[in-house]
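Heads up, the thing below is written out as C-alpha cells.
The values are calculated or read from the model by the stated rules, or taken from the named source; none is laboratory data. It should be emphasised that the depicted structure is a prediction, and the values quoted were computed from it without experimental measurement. Please note: Cβ atoms are built from the backbone with ideal geometry, for glycine as well, and neighbour counts cover all protein chains shown.
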Amino acid sequence: MDTSDIRFRIAAARRMLYRQGCDSNVGGHVSARAHGEDAFWVTGLEYFDQTTPDRVVQLGFELQPRVGEMAFSPAVNFHAEIYRRRPDVEAIVHLHSHFVSVFSSTGRTIGMFNVVSVLFHEDQATFADDGVRPHLDVVDALGDKRVVLMKNHGAIVASQSLEHATIEAIMLEEAARYHLECEAIGGTEIARAEVINGRAAYQKYFLPNMWEANLERLRRSDPDLFEGIDG
C-alpha cells in the first residue's frame, strides 16, 4: 500500500481532523466514494487518531460490508444516500467538533467573518432533528449544498474530493469559532465582492496546499500511520 491508496488517505484525513481540533469522540465518520461500484469506503466507531488504513472498510449502498469489518454507527446511512443522490460528491466528513457544534445550536448558517469562511459562501444549509422526522431528512436539507449544519449536533461536509472535504471540515470549525468570537465583540462580515473573489482563490490554491502541508506534519506527529506504507 502507498499514500495514494484511499484507505491510507481516509486514515490520514482522520488524523488531520484530530490534530486540528476536530475530533468527534467515536461518532464521526470520514468516507469516500468507491469508483465503479455502488459502494463507499468509510470508518467505524473509533477516535479519529486511532484510525489506520487497515481499519477502513468498504460498504455497499445497502450498508452491507464488502471489504473489511468494523462496528458502525447507524449514521453511515446518510453517506450512502448522499452518494446515491449526488454524483458530484466524492467524499463526506461528518463531525461534531466543538465550535461547529456550539454554533449549530443557533440554527443559523456561518457568517463571513474571516477569510476561511468564504469557502462556505452560499453553500450551507441547516437541519433540526425533532426526534420524529426520519433521520435521512438531513440529506434533503443538504440538497445541492456543500455543508449542512445539524442543530445541537454538528455538521456534514460533502465535497468533490477527500482532500477538499477534510480541509473544508477543518476550516468550518475555524469559521464557526470566528463567527462566535467576532459576533460577541460586534464585528462585521467581509464585503461581498471580497468573499466572491476570495472563495475562488481559496479553492484553487489554499485547499490542495493545506492537504499536502498537513500530510507532511503527520509524518512527524503520527509515525504509526505510515507503518508499512511505501512512498
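Worth pointing out:
- Lone qualifier among 171, 112, 70 - being crowded, with 20+ Cβ neighbours inside 10 Å and outside any helix (DSSP H, G or I): 112
- Residue ID - farthest from the chain's Cα centre (by Cα), chosen from residues in the range 184-209 that are among the small types (Gly, Ala, Ser) and exposed (fewer than 14 other Cβ atoms within 10 Å of the Cβ): 186
- Unique match (being touching a residue at least 12 places away in the same chain (Cβ under 8 Å) and closer than 25 Å to residue 44 by Cα) among 158, 125, 175: 158
- Whether a residue is touching a residue at least 60 places away in the same chain (Cβ under 8 Å), closer than 30 Å to residue 195 by Cα and crowded, with 17+ Cβ neighbours inside 10 Å was assessed, and residue 6 does not pass this test.
- Figure legend. Inter-residue proximity from the range 71-95: first residues farther than 17 Å from residue 150 by Cβ, second residues at pLDDT below 95 and acidic (Asp, Glu), beta-carbon distance below 8 Å, spacing 6+ or different chains. Indicated pairs: 80/62.
- Residue within the range 180-195 that is within 29 Å of residue 75 (Cβ to Cβ) and touching a helix residue (DSSP H, G or I) at 6+ places or on another chain (Cβ under 7 Å) present: yes
- Flag for residue 189 being part of a helix (DSSP H, G or I) and among the acidic types (Asp, Glu): no
- When restricted to residues that are part of a loop (DSSP other than H, G, I, E, B) and either of a type in the set (A, V, I, L, M, F, W, C) or surrounded by 24 or more Cβ atoms within 10 Å (Cβ to Cβ) (or both), the range 14-50 contains 3.
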